[in-house]
């Protein structure tokens, strides 16, 4: 979420409470525009995670995708057990998940998502591959995929 000149992470609890968690606090406001919340997760499917990325778990559950009236919505947090390996990656690009054929974009899409207190670039390819591209926050052991949504 946008906080003046910074990005922030907000959490939405199952009781509907929205709270700031991490990131920018330079403004006295935070924009919630663009937030997509899946009201019924009964059709949500766990993501096919890659390269040491796993479901964050705890109160965050599994990272999932759901197809709602022609819109693919990805949500959830993931973590990586290969943190040191990520720090040493030279090309600063990491495949984190693959979406199934029914939930893929027609064109390559780019999303700005939260990576701790930094913005992170995530591309969704027509092959369904979700790639973390930007070096900001590189070496973190968790990523939020919430915010990826597009028509199929």
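Residue 16: loosely packed, with under 12 Cβ neighbours inside 10 Å, over 15 Å from the mean Cα position of the chain (by Cα) and at positive phi, yes or no? In short, yes. Once the range 67-92 is narrowed to residues that are within 14 Å of the chain's Cα centre (by Cα) and assigned to a strand (DSSP E or B), the residue that is modelled with the lowest pLDDT is 80.
Taking the range 35-66 as the range and being farther than 24 Å from residue 7 by Cβ, surrounded by fewer than 13 Cβ atoms within 10 Å (Cβ to Cβ) and without any contact (Cβ under 8 Å) to a residue 24 or more places away in the chain as the test, the residues that pass are 39, 40, 42.
The values are calculated or read from the model by the stated rules, or taken from the named source; none is laboratory data. What you are looking at is a predicted structure, and each value in this text was computed from that prediction instead of being measured. Counting neighbours? That spans all protein chains shown, and the Cβs are built from the backbone with ideal geometry, glycine included.
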